[in-house]
Amino acid sequence: MYDGADIISRNVCSDTVWPLAGGSTMIDSHTDSDEPIHVVLEVTNREALTSILRAVDESDVRVQTRNISLATLSPETTVSIDLDILTEKQRETLELALAEGYYERPREADLTALSDHLGISKSAVSQRIRNAETKLITNALQAYR
């Protein structure tokens, strides 16, 4: 079973922090619902990755691997973004857009589908998305400076 010793960093949409071996941490947003948990792990070597994937494969947990890539970010090029800068409506709209495939290529959802789901006009959805993206990008670039 994987003990977590080779995990050197993580980024998870979550609420709870769990310590792991080797001084690393894992953040978990486990709730009583069936909501998905998005986990991003950085491991020190290929063997650690293989061990993690094997342990997940042997578990009863349903997992979808979306991307495996070489880590190229350094602490100097990594920024934290405060999501509290978004209004509740902006965050709700972005979460819906992401879940419905608005950011996929090709798009799986358009402004009409999002506006129907939210019960507001297409222009209101477009404005919420644009304003939220502007806040996030501005926050990220200011944090990087």
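Side notes on the structure shown:
- Spin-label model, THR50/ASP84: points 7 Å from Cα along the beta carbon direction are separated by 4.4 nm.
- Extension gain (nm, one decimal) between THR134 and VAL39, 0.36 nm per residue minus Cα-Cα: 31.7 nm
Throughout, read-outs are computed from the coordinates displayed, never taken from laboratory work. Note that the structure is predicted; figures quoted are calculated from it, not measured. We place every Cβ from the backbone using ideal geometry, glycine too, and count neighbours over all the protein chains shown.
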